[in-house]
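A.B. asks: I'd like to ask some things about the structure below.
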Amino acid sequence: MEQLYFNRREECLSRDEINLIQQERLLKLIRYAAGHCDFHRARFEAAGIDPEHFRGMEDLDKLPFLTKIDFREQYPDRMCCVSRDKIREMHMSSGTSGTPVVMLYTEHDLDQWAECMARCLRMAGVREHDVFQFTPGLGLFNGGFGCYHGGRKAGCFVIPAGPGNTPRQIKLAKDMHTNAMLCVVSYGARILEVMQEMKETLPDLRVGIFGAETFSEAMKERLRSGFGIDVFDIYGMTETGGIGTLGQDCSFHQGTHVWEDHYLAEIIDPATGKEVPDGTLGELVVTSLTREAIPVIRFRTGDLTKVLSRDRCECGRTHLRLAPIAGRVDDMLIIKGVNFFPSQIEQSLLKIPGVSTEYQLYIDDVDGMKKLYVKVEADSSVTGYTVSRQLKEDLGFAVDGEVVPPGSLPRTEGKARRVFQLHNGVAGK
Ligand code: DLL
């Protein structure tokens with residue numbers, strides 16, 4: 001298999017070179033943040049850290065964690081390390097609590113973002129002059145502009161299709177001979193559904209890149225076989241600078257390569273804050289080593305994953321590989337003493353032939369006892385009993401399943417809402 005790189009030298013550094021780069025950049029970052037931002041200076045002082053005597057990786061665990069709460073408290077720009085005249089762009093995520101998280105970009109930051117995205121595109125097999133159609137909108141959500149900046153840097157013919165009007169989206173992909181498409185996972189599933197309804201095919205499409213939501217192996221397989229393409233899982237977030245900044249899997253699909261010359265990844269036990277050994281599931285903590293306007297230092301992402309390998313991959317890249325995101329720390333459900341994530345239910349449901357990719361989970365608190373109820377779209381060959389039996393087999397406890405006709409659950413063009421809380425059968429917020 002032909003391997004494509006955007007920046008072969010940096011993507012294939014030796015482990016020693018990565019360690020050296022991370023050490024140098026971390027030292028520089030701590031002095032830079034303390035010298036350019038009152039917020040960081042005060043936090044270092046409170047933690048007893050003197051930036052001039054900070055020893056780098058050896059002292060990493062002495063640095064305080066940064067959280068989403070800090071972003072919200074420092075809204076809109078109190079975590080910024082540069083003057084306003086250096087800012088060129090902003091993005092923002094509203095999250096669930098309502099207070100937005102703002103990310104600001106200097107020219108240098110936009111270039112850093114484009115480089116990370118261009119590396120992801122090449123890693124997925126997207127070549128110069130390929131037609132790259134993306135469906136996240138060009139707005140405050142980072143998904144669209146990340147594709148735009150990265151697609152241009154990678155030398156693609158960029159189609160900023162944005163979300164919505166799915167039949168037109170498919171016609172466009174067909175007429176423009178789109179080679180690669182990028183979507184939020186659930187919108188990718190929607191495009192596939194409409195394409196099949198229209199009895200269309202996209203013969204020029206080779207690559208599908210999806211992200212922004214947990215992405216079960218079963219969903220990947222549906223998209224892979226449905227479109228007849230190679231499927232990639234792209235990762236990133238507003239706080240680290242957006243889509244693609246934290247990497248993606250390569251064509252060997254052995255985990256997410258994190259761009260370690262730009263980001264330092266730690267996995268911690270969310271309860272104790274202590275680092276866990278490779279191979280153990282924990283919360284990803286990220287330090288951005290090369291960002292100028294709003295660098296993050298030990299940012300607790302809330303995402304659960306594990307280190308799969310730090311060895312050179314078959315693709316030649318050396319950057320460490322993470323398991324696909326299992327879910328968010330606060331998404332974990334505990335029902336009848338069993339801990340699990342919504343993505344495990346998705347994995348289980350999609351094993352059943354005839355079940356569509358649309359489902360909803362209802363967690364009903366019945367006088368203090370949590371019960372799970374699953375609604376899923378499927379064709380007439382599937383019954384509620386089939387669904388309950390599959391879930392019982394995979395999760396180990398009884399779940400009520402209801403099958404609804406295809407097309408009856410709401411579709412979204414952005415991130416899908418799958419979990420709903422009930423109280424004695426009545427919906428909350
Ligand atoms: O979702 C960036 C993005 C856009 C990534 C398009 C990929 C594709 P935020 O809105 O700030 O940014 O949300 C970030 O989404 O902390 C994860 O919980 C989740 N997430 C992002 N990518 C993945 C993925 C964008 N590949 C939050 N798998 C993150 C699982 C993901 N979860």
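A.B. asks: Contact list please: Cβ distance under 8 Å, first residue in the range 174-198 and in contact (Cβ under 8 Å) with a residue 40 or more places away in the chain and aromatic (Phe, Trp, Tyr), second residue open to solvent by 10 Å² or more (accessible area, probe 1.4 Å) and within 16 Å of the ligand (Cβ to nearest atom), pairs at least six apart or on different chains.
C.D. replies: Qualifying pairs under 8 Å: Tyr187/Pro163; Tyr187/Thr412; Tyr187/Glu413; Tyr187/Gly414.
A.B. asks: Among the residues of the range 387-406, is there at least one that is within 16 Å of the ligand (Cβ to nearest atom), open to solvent by 30 Å² or more (accessible area, probe 1.4 Å) and touching a residue at least 40 places away in the same chain (Cβ under 8 Å)?
C.D. replies: no
A.B. asks: While we're looking at this one, here's another question. Identify the single condition in (1) of a type outside the set (Lys, Arg); (2) in contact (Cβ under 8 Å) with a residue 60 or more places away in the chain; (3) touching an Asp or Glu at 6+ places or on another chain (Cβ under 6 Å) that Leu322 does not satisfy, given that it satisfies every other one.
C.D. replies: (3) is the only condition that Leu322 fails.
A.B. asks: Turning to a different aspect of this structure: Every residue in the range 407-422 that is of a type in the set (Lys, Arg) and open to solvent by less than 40 Å² (accessible area, probe 1.4 Å), please.
C.D. replies: If the condition is that a residue be of a type in the set (Lys, Arg) and open to solvent by less than 40 Å² (accessible area, probe 1.4 Å), then Arg418 is the only one that fits.
A.B. asks: For the range 356-404, which residues satisfy the criterion of being in contact with a strand residue (DSSP E or B) (Cβ under 7 Å, 6 or more places away or on another chain) and either in the same structural domain as Lys220 (by TED's automatic domain parsing) or part of a loop (DSSP other than H, G, I, E, B) (or both)?
C.D. replies: If the condition is that a residue be in contact with a strand residue (DSSP E or B) (Cβ under 7 Å, 6 or more places away or on another chain) and either in the same structural domain as Lys220 (by TED's automatic domain parsing) or part of a loop (DSSP other than H, G, I, E, B) (or both), then Val382, Thr383, Gly396, Phe397, Val399 are the ones that fit.
A.B. asks: State which residue is nearest to the ligand (Cβ to nearest atom) when the search covers only the range 117-137 and only residues that are charged (D, E, K, R) and part of a loop (DSSP other than H, G, I, E, B).
C.D. replies: Within the range 117-137, the match that is nearest to the ligand (Cβ to nearest atom) is Asp130.
Residue-wise test of (1) in contact with a Cys (Cβ under 6 Å, 6 or more places away or on another chain); (2) open to solvent by less than 30 Å² (accessible area, probe 1.4 Å); (3) in the same structural domain as Ala154 (by TED's automatic domain parsing); (4) within 26 Å of Arg310 (Cα to Cα).
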{"position": "His36", "(1), (2), (3), (4)": "yes, no, yes, no"}
{"position": "Ile49", "(1), (2), (3), (4)": "no, yes, yes, no"}
{"position": "Arg55", "(1), (2), (3), (4)": "no, no, yes, yes"}
{"position": "Lys68", "(1), (2), (3), (4)": "no, no, yes, no"}
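A.B. asks: Further question: I need the full set of residues from the range 210-236 which are surrounded by fewer than 24 Cβ atoms within 10 Å (Cβ to Cβ), under 23 Å from Tyr5 (Cα atoms) and among the aliphatic types (A, V, I, L, M), in order please.
C.D. replies: Ile229, Val231, listed by residue number.
A.B. asks: Ok, one more. Filter the range 22-32 down to the residues that are under 26 Å from the mean Cα position of the chain (by Cα) and open to solvent by less than 30 Å² (accessible area, probe 1.4 Å), then identify the one that is nearest to Leu320 (Cα to Cα).
C.D. replies: Ranking the candidates gives Gln22 first.
A.B. asks: While we're here: Please specify each residue of the range 38-47 satisfying the condition of being in a helix (DSSP H, G or I) and surrounded by fewer than 12 Cβ atoms within 10 Å (Cβ to Cβ).
C.D. replies: Asp38, Ala42, Ala46
A.B. asks: Next question, about the same structure. Can you work out which of the residues in the range 83-116 that are under 18 Å from Leu140 (Cα atoms) and in a loop (DSSP other than H, G, I, E, B) is most open to solvent (accessible area, probe 1.4 Å)?
C.D. replies: Looking at residues that are under 18 Å from Leu140 (Cα atoms) and in a loop (DSSP other than H, G, I, E, B), I get Thr96.
A.B. asks: Being outside the structural domain of Asp59 (by TED's automatic domain parsing) and more than 16 Å from the ligand (Cβ to nearest atom) narrows it down to one of Pro277, Pro353, Pro295, Pro342, so name that one.
C.D. replies: Going through Pro277, Pro353, Pro295, Pro342 in turn, the sole match is Pro353.
A.B. asks: Looking at this structure, is Thr290 part of a strand (DSSP E or B), closer than 24 Å to Val82 by Cβ and either among the hydroxyl-bearing types (Ser, Thr, Tyr) or within 13 Å of the ligand (Cβ to nearest atom) (or both)?
C.D. replies: So Thr290 fails the test.
A.B. asks: Just one of the numbered conditions (1) in contact with an Asp or Glu (Cβ under 7 Å, 6 or more places away or on another chain); (2) open to solvent by less than 60 Å² (accessible area, probe 1.4 Å) is not true of Leu372; which one?
C.D. replies: Tallying (1) in contact with an Asp or Glu (Cβ under 7 Å, 6 or more places away or on another chain); (2) open to solvent by less than 60 Å² (accessible area, probe 1.4 Å), Leu372 fails exactly one: (1).
So that you can scan it fast, the table gives a plain yes or no per residue for (1) over 18 Å from Val355 (Cβ atoms); (2) assigned to a loop (DSSP other than H, G, I, E, B); (3) in the same structural domain as Thr305 (by TED's automatic domain parsing); (4) of a type in the set (A, V, I, L, M, F, W, C):
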{"residue": "Thr201", "(1), (2), (3), (4)": "yes, yes, yes, no"}
{"residue": "Asp204", "(1), (2), (3), (4)": "yes, yes, yes, no"}
{"residue": "Ile209", "(1), (2), (3), (4)": "yes, no, yes, yes"}
{"residue": "Arg224", "(1), (2), (3), (4)": "no, no, yes, no"}
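A.B. asks: Let me ask another. Can you tell me which of (1) open to solvent by 30 Å² or more (accessible area, probe 1.4 Å); (2) in a loop (DSSP other than H, G, I, E, B) is the one Lys171 doesn't meet?
C.D. replies: The failed condition is (2).
A.B. asks: Regarding the range 150-163, can at least one residue be identified that is over 17 Å from Phe210 (Cβ atoms), surrounded by fewer than 21 Cβ atoms within 10 Å (Cβ to Cβ) and within 11 Å of the ligand (Cβ to nearest atom)?
C.D. replies: No - not one qualifying residue is present in the range 150-163.
A.B. asks: Spot the failing condition for Arg122; the list is (1) without any contact (Cβ under 8 Å) to a residue 40 or more places away in the chain; (2) buried (at least 16 other Cβ atoms within 10 Å of the Cβ), and only one is missed.
C.D. replies: (1)
A.B. asks: Could you tell me how many of the residues in the range 179-207 are within 16 Å of the ligand (Cβ to nearest atom), open to solvent by less than 50 Å² (accessible area, probe 1.4 Å) and more than 15 Å from the chain's Cα centre (by Cα)?
C.D. replies: The number of residues fulfilling the criteria is 5.
The values are calculated or read from the model by the stated rules, or taken from the named source; none is laboratory data. Being a predicted model, the structure only gives us computed values, none of them experimental. Heads up, the Cβs are rebuilt from the backbone with ideal geometry, glycines too, and the neighbour counts pull from every protein chain shown. The area values use the complete protein model at the heavy-atom level, side chains included, leaving out ligands, DNA and RNA. Shrake-Rupley method; radii C 1.70, N 1.55, O 1.52, S 1.80 Å.
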